[in-house]
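Report on the following structure.
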Amino acid sequence: MNRAALLVLADGRFPAGGHAHSGGAEAAVAARRVRDVASLREFCRGRLHTAGLAAAGLAAAATAGYDPLLLEEAADARTPSPALRQVARKLGRQLLRAARAAWPSPELDALATALPRGAHQSVVLGLAARSAGLTPLDAAYAAAYESVSGPATATVRLLSLDPFDATAVLAHLAADIDHLTELAAEAAQRVQAEGVQVLPAASAPLLDITAEQHAARPMRLFAS
């Protein structure tokens, strides 16, 4: 098993386009819901337990070999915000390009052909992990970590936070990430027999609302 591939896939320097997105942090900063290290920690914890958990489940299921087109429908059902759907597919297209260069595979090629407008980032992440020889648990880790590392990094720029403090926020969430990735991977093992309804579907209505507001703003630093 090529576990080193997980480091490549989860590396913030992997050219998947995530650096241009704040994961809802910019809107939260504008609304003063994130204003310091403590509020950033709570924002990231909330995002991890909702959007992060759902993404981890979808990614793990894709790595486990479940039909990516059915997972794409499940991802849509878990993403009520049109703005977030558009972002997820934009990030998915970029991730697919990077993954096909790093770990070429017929499954990635087939996804690109079936969904030329792009698949959800979480689904692509799972197939990328599968192509790299990783496990469903590995994919869940990558998805969960990405759900909080993006906002933490963006907030350093938005609020001029000390990057050491932002890194400490991520370290503080390590136990939560461990727990949620195990839940996501366990659900992914059941999805072949029980269907996508067993995958996590935790919602974050405020993230959906603020994503629509952010998309309408004429001036913003991040794309989402």
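Read the figures in this text as sums done on the coordinates, not as results from a lab. Just so we're clear, the structure is a prediction, and the values are computed from it rather than from any experiment. For neighbour counting, all protein chains shown are included, and Cβ atoms are generated from backbone atoms with ideal geometry for every residue, glycine included.
Brief remarks on what is shown
- Answer residue from the range 1-49, given it is basic (K, R) and in a helix (DSSP H, G or I) and is nearest to the chain's Cα centre (by Cα) among those: R47
- Residue check, E73 of a type in the set (D, E) and in contact with a Leu (Cβ under 7 Å, 6 or more places away or on another chain): no
- Looking across the range 30-43, just one residue is of a type in the set (A, V, I, L, M) and closer than 26 Å to H120 by Cα, and that is L40.
- Test result for A188, farther than 30 Å from V34 by Cα and assigned to a helix (DSSP H, G or I): yes
- Of the listed requirements (1) farther than 21 Å from V123 by Cβ; (2) surrounded by fewer than 16 Cβ atoms within 10 Å (Cβ to Cβ), G46 misses just one: (2).
- Considering residues of the range 50-80 that are of a type in the set (D, E, K, R) and not in a helix (DSSP H, G or I) only, the residue farthest from the chain's Cα centre (by Cα): D67
- Filter result for A175 (out of contact with any Pro (no Cβ under 9 Å at 6 or more places or on another chain), closer than 25 Å to R85 by Cα and part of a helix (DSSP H, G or I)): no
- Among the candidates S105, S81, S122, the residue that is in contact with a Ser or Thr (Cβ under 8 Å, 6 or more places away or on another chain) and of a type outside the set (K, R) is uniquely S105.
- Residues of the range 125-179 that are polar (S, T, N, Q) and in contact (Cβ under 8 Å) with a residue 40 or more places away in the chain: T135, S147, S149, T153, T155.
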